[in-house]
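Read the structure below first, then the notes.
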Amino acid sequence: MISIYKDGGSNKYKVPHMKKHRLEGQNCLGRQLDVNLGLIGETIGQCQ
């Protein structure tokens, strides 16, 4: 999601493969994201 914000929130963003199943099996899958609030504000500004 952070990568989509950095790309400007475009619907054309291609999501990279994150190997979720492997990370989940290793109990390394994060439960929450650390997000830069300034980056979110910029993205919301572009949407308005």
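Any read-out appearing in this document is the output of simple, stated calculations on the displayed coordinates, not a laboratory observation. Quick caveat: nothing in here was measured; it's all calculated off a predicted structure.
So the values come out like this:
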{"read-out": "Listed candidates (1) 48, 19, 13; (2) 40, 22, 11; (3) 37, 23, 23 - label of the one calculated as Cα extents along the principal axes in Å", "value": "(2)"}
{"read-out": "Calculated from backbone phi, Karplus (6.51, -1.76, 1.60) coupling profile of segment 26-35 in Hz, x at Gly/Pro", "value": "8, 6, 10, 7, x, 9, 8, 9, 8, 10"}
{"read-out": "Fully extended contour minus Cα-Cα distance, from GLN48 to GLN32, at 0.36 nm per residue", "value": "3.1 nm"}
